[in-house]
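Data first, discussion second: the structure below is written as structure tokens.
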Amino acid sequence: MHSISVHSMAVTLSNIIARELNHDNVKRAQISYGLEVILGAIIKFVVFIILFLVFGVLKQSLITMFTIASLRYASGGIHCKTFIGCLIVSATACVSIGFLAKVLIINNYLYYALNFASLLIIMLRAPVDPPEKPIKTKQKRYIVKLISIVILFLLLYISSNVVENDIKNSIILGIYIQVLTLIDWIRIYEYINLLKLKAKEVN
């Protein structure tokens with residue numbers, strides 16, 4: 001319902017703009033897509049701010065949200081199929097991390113191990129581009145991967161120099177959550193099932 005609402009608003013506005021500027025259907029479709037992204041982002045941001053305030057995690061969750069968004073901009077990741085699904089998953093993740101950031105104490109060895117794992121996953125998997133907007137050239141994929149690595153190092157540098165534990169946690173947990181969206185969980189699930197079947201055949 002929500003995705004239809006956002007889509008309808010974008011289509012209506014794009015029709016008006018295209019008619020006023022005498023654009024063709026291709027240009028109108030491009031305008032519609034851009035407006036849908038912008039409207040969706042505005043709605044998400046307003047909902048997120050309200051939820052963060054209600055749950056008392058405004059600072060922590062905002063930092064997490066911007067951390068995820070900055071890394072996701074280049075690295076990509078899996079997407080929910082509907083707007084409302086994306087809204088629920090994103091809000092739940094940011095609010096949950098907001099609570100965890102206030103109380104969690106991460107051991108230094110675990111901290112460095114997870115950071116190394118994050119770097120490794122980004123080097124192997126990024127960018128994970130959406131099917132509707134694939135990256136077509138190897139050169140561009142290499143550049144986007146490099147940007148992802150630079151952003152990761154920048155975020156890790158910031159987190160390592162922050163004194164407040166809740167802010168540090170907000171950044172690194174945001175990184176870890178985003179990195180998890182780069183993993184092909186369906187393929188892993190299928191591989192595990194295949195191993196189970198082979199184990200049954202052996203037995």
Subset of the range 111-151, residues of a type in the set (Asp, Glu) and exposed (fewer than 14 other Cβ atoms within 10 Å of the Cβ), comes to Glu132
Which of the residues that make up the range 63-111 are under 21 Å from Asn161 (Cβ atoms) and not in a helix (DSSP H, G or I)? Leu104, Ile105, Ile106, Asn107
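To keep it simple, each residue is scored yes or no on (1) under 28 Å from Leu146 (Cα atoms); (2) in the same structural domain as Lys168 (by TED's automatic domain parsing); (3) surrounded by 14 or more Cβ atoms within 10 Å (Cβ to Cβ).
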{"residue": "Ile16", "(1), (2), (3)": "no, no, no"}
{"residue": "Asn25", "(1), (2), (3)": "no, no, no"}
{"residue": "Glu36", "(1), (2), (3)": "no, no, yes"}
{"residue": "Ile43", "(1), (2), (3)": "no, no, yes"}
{"residue": "Ser61", "(1), (2), (3)": "yes, yes, yes"}
{"residue": "Ala69", "(1), (2), (3)": "yes, yes, no"}
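Going by what's in this entry, would Phe48 be described as touching a residue at least 40 places away in the same chain (Cβ under 8 Å), of a type in the set (Phe, Trp, Tyr) and surrounded by 20 or more Cβ atoms within 10 Å (Cβ to Cβ)?
No; evaluated as a whole, the condition is false for this residue.
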Please work out if Gln178 is exposed (fewer than 11 other Cβ atoms within 10 Å of the Cβ), part of a helix (DSSP H, G or I), of a type in the set (S, T, N, Q) and assigned by TED's automatic domain parsing to the domain that holds Asn108. no
Check on Ala29, crowded, with 16+ Cβ neighbours inside 10 Å, outside the structural domain of Leu173 (by TED's automatic domain parsing) and under 26 Å from Pro134 (Cα atoms): no
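The values are calculated or read from the model by the stated rules, or taken from the named source; none is laboratory data. Bear in mind the structure is a predicted one, so any value in this text is a computation, not a measurement. Don't worry about glycine lacking a Cβ; one is built from the backbone with ideal geometry, like all the others, and counts go over all protein chains shown.
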